[in-house]
Each structure stands twice: as structure tokens, then as C-alpha cells.
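Working notes, structure below.
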Amino acid sequence: MTAFVGRRLAQALLQIWGAITIVFVALRVLPGDPAELILGSQATPEQLAGLRAQLGLDDPLPVQYLHHLQGLLRLDFGQSWRQGVSALDACLERLGPTLVLSAWAMVFTVVLGFLTGSYAARHANSVADRLISVSSLVGQALPPFWIGIMLSLIFARGLQILPSTADGTMASLLLPAFTLALPFVGWLGRLVRTGVLEEMNQDYVRTARAKGLSDQVVFYVHVLRNTLVPIVTMLGLLMGNFIANGVIVEVVFAWPGIGRLLVDSITFRDYAVVEAVLTVITVCYITLNLLVDVLYGYLDPRIQLENA
Amino acid sequence: MMPPKLDDPLPGRTGAIVRRLAGLPPRAHFALGMVLLFVVAGVLGPLLVPFDAAATSPPDRLLPPGTRLSDGAVAWLGTNQVGQDILAAVLAGMRTSLTVALVTVVVAGSVGLLMGLLAGYFGGWADGIISRLGDIQLAFPSLLLAILLAGVLGPSMLNVIIALAVTRWVIFARVVRGSALAVRDREFVDSARVMGASHGRILIHYILPSCLPPLLVAATVQIGLTMVAEASLSFLGLGVPPSQASWGSTIAQGRDYLASAWWIAAAPGAALALVVVSIGILGDLLRDASDPMTEL
């Protein structure tokens, strides 16, 4: 187990280094002069040269890269020229709303996914099952930003029962959280349905039935509990997806999260913030994946044998 | 499979294709029809109903679907805030979406095919490098990578294709690597090697054919996902430039007029949703067809 965790940790560190390098390459190596982007096209050559020297853009790329990595070890991403604060602070300030939104999307996904999935499994091949499977296919295919806009058209403009933009209330959370959750409700529902159907054929279910337990007890006490193990571990992956996919939903609903900060910062060429946001999101994403793998190995001993 | 009847009205290859098509489930007909319709609409539509991003027509602003315009034409899907016909914008957007998706999938698929063959067939350090590179890239959420690249490169159709192809090649490489790995040590490959076939010949004649079906399935699925990704980038203002129509940018315009003109956002979104769902159904069917195990 320790060897597995150690190897997985090393892999995660490699991935984080890789992600940092990808961002560095995208922002510094690809064509485009950050100094010119910051100062605009009317800047004098002297101003440009001054800023380039200040940002360290005159150094050879390997030197810039080393400076960059050193800065990151001190958690120093540089200053946000747009907000005048440290890029990391600007980013962490917006992390809270994103986590709140992701957590609520998770609640929606788990509740709706389990309800639809277990209902579909208990009524396998019925009309309801088919309806659920078709809507899960459609839900997964629809572009999230369009779902968001249509939901706000119906509930905010049409029925006028929910706000369409963030105003700090619980009600303003419902639409973005549901939009974020929707594609994954169908995904989780399918997982739950398959899991329940597989468990239903196990010997212990027959034993429980033979003991005279009611269908309800067999389902809730025995079957559902056993399907939980593989599915709970998937929730970590979901959280990572919510944080990453939240970008578009945050823009649609003007949610003051990290994703909207990313899009704004790219638009305004505030590259220090772009680096900070991408690093924070990727570290969250990779850490959650790591936790999932370790948790899975812990809950299901067969995984360790395969990796031994 | 039904045994062929003696009085077969359509013998031969054409007959076989027609019978196979007729035997498909209704959702397959729906999906095939939709995809064909949209491809034809994307290719021919802009010729019939031209879209000019720079043209404005103030008297025709924000007209609901079905209104007659000042020039006598009927705007079947309404008009936007500068009086442009939404139908024309949707058709032009279809062409953009289709172009970006096809080129992206061809480019990413070719790179992925090459990398996957190298990694799966030769193994060793080639596999080590390509697989680690893929691991590292997949640890980076693909939407964010596309946003980063498209944002840095600037709005143009070519840059969108580059950004999306960079995020997709790994998926194809993994699929191909898996299939190549599975057949690499089979007897027919060994016998070819014993007969003195070169690596190139083995790759093309023995390995490649078994990599193509899963690659085709992956490509179909990716076309749908790439269309959504292109629309997402354009929605954020990081996709194709404003001079070109895109469903994403039309939806973004429509967001500001939800209260007065819902059709601006609804029409391109519905088109996108229909195409993507249809392509998803086709992808599922192809997967079932290429994997005999699912019939059991």
C-alpha cells in the first residue's frame, strides 16, 4: 500500500510539474509579447524595453523558466497588473465561490443521480428506464452554457422565480449549480444503474430474499450499500470536473468564481493571474485524482494486488 | 442475421447496404438523417441564405421568428439586435462548426494515430515518452488548456483548430496504442515478421487495420465534443473572430437579449444540441457495431 501511494504521489508531482510547464510554454514561448500586450500598441520602444527588463523577459528562456519555478516554490506568481495585488491572492479570493458552487453541484448530482439510477435499475427496461437513459444521453450531449441560458430564460425571465445572476442568495445558486450538475446526473445515473443491476444478481441478494426480507430492505440495506463503494470514489473525479468545467457556467451566470477570473484575465492579458488560476485549478484537480486513486486502493484491496 | 431469401429484390452489395440500413433502430435513422441534414445545410445553406457579419439593417432589429423583413424576405428564425437573419447566422455557424470539428479531428486523429502506433507497436522508450506526455496533458483539464491556448494565440479559426487539436490528440493516441498493443504479439504479426516484412509493412498491413475501427468510433464521438468545445470558446469570445459566424458567439449575443428576443440564443443552441445528440447516437451505434461482444 505504501509503495502504491508513494508511486502515485510521485506521478501526481510529475503531473503538476508538467501542468506548470505547459502553462509556461503557452504564455512565454508562443508568439506574442506580454510587454506589448500590457502597454498596448501606443507604447514607446523605451517603455516596452523597460517593462521587458522588469518582467525578466530579456533573459534566455531556460533562465526565465528557472526563475519561474523558483517563484512558484515560494508561491510567488507575480503581481496582477489589473488589480494591483499579488496574483495568488486575487485567485484565492475567488476560489471560495467556485468551491461553494462545485459543492452544490455535487449535492445535486449525487441526489438526482442516485434517485434516477436506482429507480431505473429497479424498473429495468420499463418505459421510465428508457426515458431516463434517453434524457441522460441528451443531458450529457447538450452544451452546458446553452443549458444555463435556457434555464435562466425559463426560470429567471419566463417564470421569474429565480435570479439569473449571482446576488449572494441561496436562490441565485440553484440555476448555476443545476446547470453544472446536469451532464453528470445522467453519467452517475448510468453508473448507479449498472452497479445496482450487477449487485442484484449476487448470491447474497438471493440469500437475503430467501431469509424473507422485503424488496425494500434488500435494496436499501444490502444492494445500495455495496454499489456505493465504487461510486463514492468517483465523486472525487466529479469535484475536479466541476471546478474545471465551472468556467463556462460561471461566465453564464456572472458567478464571482475562479473560472470567470480566468476568462477575464485572459481577455485582459493579466498573465500572472492566468498562471495562478491555472496552477491552483490543476493542483486541485490532480490532488483530487490522487485522493480518488488512494481511496479506491484502500476501499478495494484487489486494486493493490494489480499494482503490487 | 436472417438468411437471404431466394426472391431477393435487391441482390448484391447495394442490397446488403439497404437491408442493413433498414434493420437499424429508429434512433439510428433519426441520427443519420439529422447529421446528413446538417451537413447539407452547412455546405449549401450559406450559398442560399448568405450571412454577412458586417451588414446591419436597423428597421429589422429583434424581429420574432416568421416576420417579413423590410427587403421582403421572411426571417424564419427571427433577427438579432442589428437586424441580421438568425437562420443565415445558424447556417453559417453550421459551416464554421463543421469545418472546425472535421479539421480538428483529422489533424488530432492523424497525430494520435502516428503517436499511438509508435507507442503501441515499438513499446520501450517511445511508449514511455508518449504515454508520460499523454498522462501529463490529461492531468490538465482539456477545456482549460483549450481556453489557455486559444486565448494566447488570439481569435482565428486556425488558432481554434490548433488549440482543440492539441487537447484531443492524446485521446486518439491512447485508443490506437491500446489496439496496437493488443495485436502486436498475435501470431499473424509474428508470421509476417518471420517472413521478413519490414516494420513499415507490418504497421500498415497488419497493425493498422485493427486500429481503425476504434479510431473511427473515437473520431465520431470527438466530432460532437469538438463542436461543443468550439462553441464554448466562441461563446467566451476566444474562438473564431466576430467576422465569422459561430453558434457560440450568436448564443453569447443572445444572452444579452433574453428578455426581448429569446430566439437569438435558442436557435443556434437547439441546432448545436440536435447535431451533438445525433452524433452521440451514431458514436454509440458504431461502437456496438465494431464490438461484437455487445450483442451477447
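Report, by residue number, each residue of the stretch B:162-218 that is among the basic types (K, R), in contact (Cβ under 8 Å) with a residue 40 or more places away in the chain and over 30 Å from B:G280 (Cα atoms).
Looking only at the stretch B:162-218, we keep the residues that are among the basic types (K, R), and these are B:168, B:174, B:177, B:184, B:186, B:193, B:201.
Within this subset, residues satisfying the condition of being in contact (Cβ under 8 Å) with a residue 40 or more places away in the chain are B:168, B:174, B:177, B:184.
Once the filter is applied, which keeps residues that are among the basic types (K, R), in contact (Cβ under 8 Å) with a residue 40 or more places away in the chain and over 30 Å from B:G280 (Cα atoms), the stretch B:162-218 yields only B:R184.
Please work out if A:L182 is within 13 Å of another protein chain (Cβ to nearest Cβ) and closer than 14 Å to A:V107 by Cα. Before the answer, list the steps.
Working: within 13 Å of another protein chain (Cβ to nearest Cβ): yes; closer than 14 Å to A:V107 by Cα: yes.
Answer is yes for this residue.
When residues of the stretch A:204-221 are filtered for being of a type outside the set (D, E, K, R) and within 13 Å of A:S118 (Cβ to Cβ), how many remain?
Quick first cut of the stretch A:204-221, residues of a type outside the set (D, E, K, R) only: A:204-205, A:207-208, A:210, A:212-214, A:216-221.
This time we only want the ones that are within 13 Å of A:S118 (Cβ to Cβ), so: A:216, A:218-220.
Result for the stretch A:204-221: 4.
I need a count of the residues in the stretch B:108-149 that are of a type in the set (D, E) and under 19 Å from A:I22 (Cα atoms). First the steps, then the outcome.
Of all residues in the stretch B:108-149, those of a type in the set (D, E) come to B:127, B:135.
Next, only the ones that are under 19 Å from A:I22 (Cα atoms) stay: B:135.
Matching residues across the stretch B:108-149 total 1.
Run B:V221 past the list (1) farther than 30 Å from B:D185 by Cβ; (2) out of contact with any Leu (no Cβ under 8 Å at 6 or more places or on another chain) and report the number of the one that doesn't hold.
(1)
Tell me which of these A:A171 doesn't satisfy, since it passes every other one: (1) away from chain B (no Cβ under 13 Å); (2) touching a Phe, Trp or Tyr at 6+ places or on another chain (Cβ under 7 Å).
Here A:A171 meets the rest and fails (2).
Out of curiosity, is B:S246 more than 9 Å from chain A (Cβ to nearest Cβ) and touching a Gly at 6+ places or on another chain (Cβ under 6 Å)? Steps first, answer last, please.
Numbers: more than 9 Å from chain A (Cβ to nearest Cβ): yes; touching a Gly at 6+ places or on another chain (Cβ under 6 Å): yes.
The answer is yes for B:S246.
Scan the stretch A:57-70 residue by residue and report those that are loosely packed, with under 14 Cβ neighbours inside 10 Å and out of contact with any Asp or Glu (no Cβ under 8 Å at 6 or more places or on another chain). Before the answer, list the steps.
Initially, the stretch A:57-70 is screened for residues loosely packed, with under 14 Cβ neighbours inside 10 Å, giving A:58, A:60-63, A:66-67, A:69-70.
Answer for the stretch A:57-70, where residues must be loosely packed, with under 14 Cβ neighbours inside 10 Å and out of contact with any Asp or Glu (no Cβ under 8 Å at 6 or more places or on another chain): A:D58, A:P60, A:L61, A:P62, A:V63, A:L66, A:L69, A:Q70.
Scan the stretch B:251-272 residue by residue and report those that are of a type in the set (F, W, Y) and crowded, with 24+ Cβ neighbours inside 10 Å. First the steps, then the outcome.
Step one: list which residues in the stretch B:251-272 are of a type in the set (F, W, Y), which gives B:257, B:262-263.
The answer is none; no residue qualifies.
Would you check which residues across the stretch B:220-244 are of a type outside the set (S, T, Y) and under 17 Å from B:A273 (Cβ atoms) and list them?
Hits for the stretch B:220-244 are B:V221, B:I223, B:G224, B:L225, B:M227, B:V228, B:A229, B:E230, B:A231, B:F235.
Hey, among B:S246, B:S234, which residue is within 14 Å of A:V263 (Cβ to Cβ) and in contact with a Pro (Cβ under 9 Å, 6 or more places away or on another chain)?
Sole residue among the options that is within 14 Å of A:V263 (Cβ to Cβ) and in contact with a Pro (Cβ under 9 Å, 6 or more places away or on another chain): B:S234.
Return the total of residues in the stretch B:124-161 being in contact with a Lys or Arg (Cβ under 9 Å, 6 or more places away or on another chain) and more than 13 Å from chain A (Cβ to nearest Cβ).
Count: 2.
Between residues in the stretch B:103-132 that are surrounded by fewer than 19 Cβ atoms within 10 Å (Cβ to Cβ) and residues that are of a type in the set (F, W, Y), which pairs lie under 6 Å by C-beta distance while being six or more apart or on different chains?
That search, which allows pairs on different chains as well, returns B:V111/B:W169.
Test of understanding: among B:R193, B:R168, B:R177, which residue is surrounded by fewer than 16 Cβ atoms within 10 Å (Cβ to Cβ) and charged (D, E, K, R)? Lay out the reasoning, then the answer.
Values: B:R168 fails: surrounded by fewer than 16 Cβ atoms within 10 Å (Cβ to Cβ); B:R177 fails: surrounded by fewer than 16 Cβ atoms within 10 Å (Cβ to Cβ).
Exactly one of B:R193, B:R168, B:R177 is surrounded by fewer than 16 Cβ atoms within 10 Å (Cβ to Cβ) and charged (D, E, K, R), namely B:R193.
Could you pull out the residue among B:G83, B:G42, B:G66 that is surrounded by 12 or more Cβ atoms within 10 Å (Cβ to Cβ) and at positive phi?
On the way: B:G42 fails: at positive phi; B:G66 fails: surrounded by 12 or more Cβ atoms within 10 Å (Cβ to Cβ).
Of the residues listed, the single one that is surrounded by 12 or more Cβ atoms within 10 Å (Cβ to Cβ) and at positive phi is B:G83.
Looking only at the stretch B:210-242, count how many residues are outside any helix (DSSP H, G or I) and of a type in the set (V, I, T). I'd like the intermediate steps shown before the answer.
Narrowing the stretch B:210-242 to residues outside any helix (DSSP H, G or I): B:236-242.
From what's left, of a type in the set (V, I, T): B:240.
Final tally of qualifying residues: 1.
Rundown of residues vs (1) crowded, with 19+ Cβ neighbours inside 10 Å; (2) of a type in the set (A, V, I, L, M, F, W, C), yes/no style:
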{"residue": "A:F178", "(1), (2)": "yes, yes"}
{"residue": "A:R190", "(1), (2)": "yes, no"}
{"residue": "A:Y204", "(1), (2)": "no, no"}
{"residue": "A:V221", "(1), (2)": "no, yes"}
{"residue": "A:L224", "(1), (2)": "no, yes"}
{"residue": "A:L228", "(1), (2)": "no, yes"}
{"residue": "A:L237", "(1), (2)": "no, yes"}
{"residue": "A:N241", "(1), (2)": "yes, no"}
{"residue": "A:A244", "(1), (2)": "yes, yes"}
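Count, please, the residues in the stretch B:251-281 that happen to be within 7 Å of another protein chain (Cβ to nearest Cβ) and in a loop (DSSP other than H, G, I, E, B).
3
Mind checking whether some residue in the stretch A:16-36 is within 14 Å of chain B (Cβ to nearest Cβ), in a helix (DSSP H, G or I) and more than 30 Å from the chain's Cα centre (by Cα)? Show your work before the answer.
Restricting attention to the stretch A:16-36, the residues satisfying the condition of being within 14 Å of chain B (Cβ to nearest Cβ) are A:16-34, A:36.
Pick out the ones that are also in a helix (DSSP H, G or I) and you get A:16-29, A:34, A:36.
So of that shortlist, the ones also more than 30 Å from the chain's Cα centre (by Cα) come out as A:36.
Yes; the residues of the stretch A:16-36 include at least one that is within 14 Å of chain B (Cβ to nearest Cβ), in a helix (DSSP H, G or I) and more than 30 Å from the chain's Cα centre (by Cα).
Could you check the stretch B:115-149 and list, in sequence order, the residues that are over 10 Å from B:V170 (Cβ atoms), touching a Phe, Trp or Tyr at 6+ places or on another chain (Cβ under 8 Å) and of a type in the set (A, V, I, L, M)?
B:A139
Restricting attention to the stretch A:144-168, which residues are more than 10 Å from chain B (Cβ to nearest Cβ), part of a helix (DSSP H, G or I) and under 23 Å from the mean Cα position of the chain (by Cα)?
Going through the stretch A:144-168, the residues more than 10 Å from chain B (Cβ to nearest Cβ) turn out to be A:151, A:155, A:159-163, A:165-168.
With the extra rule that they be part of a helix (DSSP H, G or I), the set shrinks to A:151, A:155.
Result: A:L151, single match.
Looking at A:A141, A:A120, can you tell me which residue is surrounded by 14 or more Cβ atoms within 10 Å (Cβ to Cβ), within 22 Å of the chain's Cα centre (by Cα) and of a type in the set (A, V, I, L, M, F, W, C)? I'd like the intermediate steps shown before the answer.
On the way: A:A120 fails: within 22 Å of the chain's Cα centre (by Cα).
None of the other options fit; the residue is A:A141.
Within the stretch A:204-251, how many residues turn out to be at pLDDT 85 or above and under 31 Å from the mean Cα position of the chain (by Cα)?
Selection size over the stretch A:204-251: 7.
Just checking, does the stretch B:282-292 include any residue being over 26 Å from A:G186 (Cα atoms), of a type outside the set (K, R) and assigned to a helix (DSSP H, G or I)?
So in the stretch B:282-292, the residues over 26 Å from A:G186 (Cα atoms) come out as none.
Looking for residues that are over 26 Å from A:G186 (Cα atoms), of a type outside the set (K, R) and assigned to a helix (DSSP H, G or I), one finds none in the stretch B:282-292, hence no.
Looking at this structure, is A:R193 in a loop (DSSP other than H, G, I, E, B) and either charged (D, E, K, R) or modelled with pLDDT under 85 (or both)?
Values: in a loop (DSSP other than H, G, I, E, B): no; either charged (D, E, K, R) or modelled with pLDDT under 85 (or both): yes.
In short, no.
Hey, can you tell me all the residues within the stretch B:225-237 that are more than 7 Å from chain A (Cβ to nearest Cβ) and of a type outside the set (D, E, K, R)? Write out each step before concluding.
Step one: list which residues in the stretch B:225-237 are more than 7 Å from chain A (Cβ to nearest Cβ), which gives B:225-227, B:229-230, B:233-234.
Once the filter is applied, which keeps residues that are more than 7 Å from chain A (Cβ to nearest Cβ) and of a type outside the set (D, E, K, R), the stretch B:225-237 yields B:L225, B:T226, B:M227, B:A229, B:L233, B:S234.
Counting just the residues of the stretch A:246-269 that are buried (at least 20 other Cβ atoms within 10 Å of the Cβ) and more than 11 Å from chain B (Cβ to nearest Cβ), which one comes out nearest to A:P144 (Cα to Cα)?
Our first condition is that a residue be buried (at least 20 other Cβ atoms within 10 Å of the Cβ); within the stretch A:246-269, this holds for A:246-253, A:255, A:257-263, A:265-266.
Subset that is more than 11 Å from chain B (Cβ to nearest Cβ): A:255, A:257, A:261.
Values: A:W255: 15, A:G257: 17, A:L261: 19 Å.
Ranking the candidates gives A:W255 first.
Out of B:V111, B:V82, B:V105, which single residue is over 30 Å from A:L14 (Cβ atoms) and more than 14 Å from chain A (Cβ to nearest Cβ)?
B:V82
The values are calculated or read from the model by the stated rules, or taken from the named source; none is laboratory data. On a predicted model such as this, the values are computed, not experimentally measured, just so you know. Cβ coordinates were reconstructed from backbone atoms using ideal geometry, including for glycine residues, and neighbour counts include every protein chain displayed.
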